[in-house]
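A quick write-up on the structure given underneath.
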Amino acid sequence: MTSALDLNAPLPAHWLLVFLVQVTVLLLCARVLGGLAVRLGLPALAGELLAGVLLGPSVLAHVAPGVWGWLFPAEGGQVHLLDAVGQFGVLLLVGLAGMHVDVGRLRRLAGPAAKISLAGLLIPLALGVGIGAIAPPPMRPEGTSPAVFAMFAGVAICVTAVPVIAKVLMELGLTDGKIGQLVLSAAVIDDVIAWFLLSLVSALVTAGELGASDVLEPVGCLVGVVLFAATVGRMLVRRAVRHAEASRDSTAMVSTAVILVLGGAAATHAMGLEPILGAFVAGVLVGSGGVRAPVLAPLHAVVMSVLAPLFFATAGLRMDLSGLLRPGVLLATAGLLVVAVAGKFAGAFVGGRLSGLDRAECVALGAGMNARGVVEVIIATVGLSLGVLGTEAYTALVLVAVVTSVMAPPILRRAVGRSDRAAEEQPGARPAESRSGAGTVSLEEPR
């Protein structure tokens, strides 16, 4: 018989002290460097990851090994405390990204967005699988199946980050134009497929083999999740939203949204899928349930100013840039970056041409969909925790996320400026505004 959890067992005093110092130092550095990155025109993600890099094995471990050893000890329980906070934050961040999805617009642009999304996903996915299949150690850890590593590399390369590109489009005043709507709609489709593929690969890693049942089971679970969300789940979420709105408690909607996002994450995790998938689907349901954006402003503020920076700083801790000093690792990282950028541009270009867009608009699509930001960092973190990725591959993928997020705005701005058709569609474009309609929540910082 399993004994009940002893809630009276105290957390070791030293663990609590170290945890509090860890959170204080990581959050302080992440906020300072994230703010500096934004002032320099870079995504906040870049500065927040840099905070972890400076405090991790890349810098602090070499400069002050004693301080680093005390601040980030290797004890499993101590590590799990920090990881738990990071996981909580990333689930809410993904939920907010789901709330940003405009389901009505997605329906209107389903045809061309599907062409752009599929081409922009399948081409880099194939290239990623190919480069993953030939990746030598140490990029592929010892004991990791080449097939599993190749599939994971393909998933990591084919994603697009909705939060990053949404912010970029708002800053450029392109959110309501054709290019902006197509990029966002295609990115949403990419994200949904990416979360499923991640769940599928994770299930295969857990099963330890590539049997037919191991593939069919997660596919069946995904179909079940989609059907439930589109029918019963949608109805239940709308009722929960109406109940929260009728409450006199001004915080009821925030707590309701958090409960739904975490509940969705728990549900998909129990099915053997990634909890991130459930958090994203729950966020979409909350966003499409008629929630007014200002009501969720407190949740947005806490996640974007505290939990997200803390997660990215923790992700930066796992990077070891000293590995790039090895020529083989540096060459493999450069090759991964080239494949990721070229594959996404090629896919978006093909999808754009099939949808009747001109050359400049296709380049704009490629620039927008190249931004990987938070999504790739999350996928890389999952891969590291599953043992599919080693430190070298993890570092390479996070660098791809940062570089593609930084390069997206200037290329997108230049491509749209060259397109006469886009200029005609955007006469006197207004300054960037966040969408304040029902069912959407603006992500105010690029990630």
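The values are calculated or read from the model by the stated rules, or taken from the named source; none is laboratory data. It should be emphasised that the depicted structure is a prediction, and the values quoted were computed from it without experimental measurement. Backbone-built Cβ (ideal geometry, glycine too); neighbour counts: all protein chains shown. Ligands, DNA and RNA are excluded from the accessible area calculation, which covers all protein heavy atoms including side chains. Shrake-Rupley method; radii C 1.70, N 1.55, O 1.52, S 1.80 Å.
Data table
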| item | result |
| --- | --- |
| Long-range neighbours under 6 Å by Cβ, at least six apart or interchain, first residue more than 23 Å from GLU48 (Cβ to Cβ) and free of Cβ contacts under 8 Å to residues at least 40 places away in the same chain within the stretch 66-93, second open to solvent by less than 30 Å² (accessible area, probe 1.4 Å) and not β-branched (Val, Ile, Thr) | none |
| Where a residue in the stretch 266-277 is over 16 Å from GLY98 (Cα atoms) and its partner, wherever it lies, is open to solvent by 60 Å² or more (accessible area, probe 1.4 Å) and at pLDDT 85 or above, with Cβ under 9 Å and at least six apart | ALA267/PHE228 |
| Filter result for the condition that a residue is in contact with a Gly (Cβ under 6 Å, 6 or more places away or on another chain) and open to solvent by 10 Å² or more (accessible area, probe 1.4 Å), over ILE116, ILE123, ILE134 | ILE123 |
| From the options ALA126, ALA153, residue that is within 24 Å of THR268 (Cα to Cα), at pLDDT 75 or above and either in contact with a Leu (Cβ under 7 Å, 6 or more places away or on another chain) or in a helix (DSSP H, G or I) (or both) | ALA153 |
| Every residue from the stretch 102-123 that is within 21 Å of the chain's Cα centre (by Cα) and part of a helix (DSSP H, G or I) | VAL103, LEU106, ALA113, ALA114, ILE116, SER117, LEU118, ALA119, GLY120, LEU121, LEU122, ILE123 |
| Unique match (being open to solvent by 40 Å² or more (accessible area, probe 1.4 Å) and at pLDDT below 85) among LEU337, LEU325, LEU357, LEU330 | LEU325 |
| Single unsatisfied condition, LEU227 versus (1) closer than 17 Å to VAL94 by Cα; (2) hydrophobic (A, V, I, L, M, F, W, C); (3) without any contact (Cβ under 8 Å) to a residue 60 or more places away in the chain | (1) |
| LEU285 being among the hydrophobic types (A, V, I, L, M, F, W, C), on the phi < 0 side of the Ramachandran plot and touching a residue at least 24 places away in the same chain (Cβ under 8 Å) | yes |
| Selected residue [among the aliphatic types (A, V, I, L, M), in a loop (DSSP other than H, G, I, E, B) and either open to solvent by less than 10 Å² (accessible area, probe 1.4 Å) or modelled with pLDDT under 80 (or both)] from LEU169, LEU174 | LEU174 |
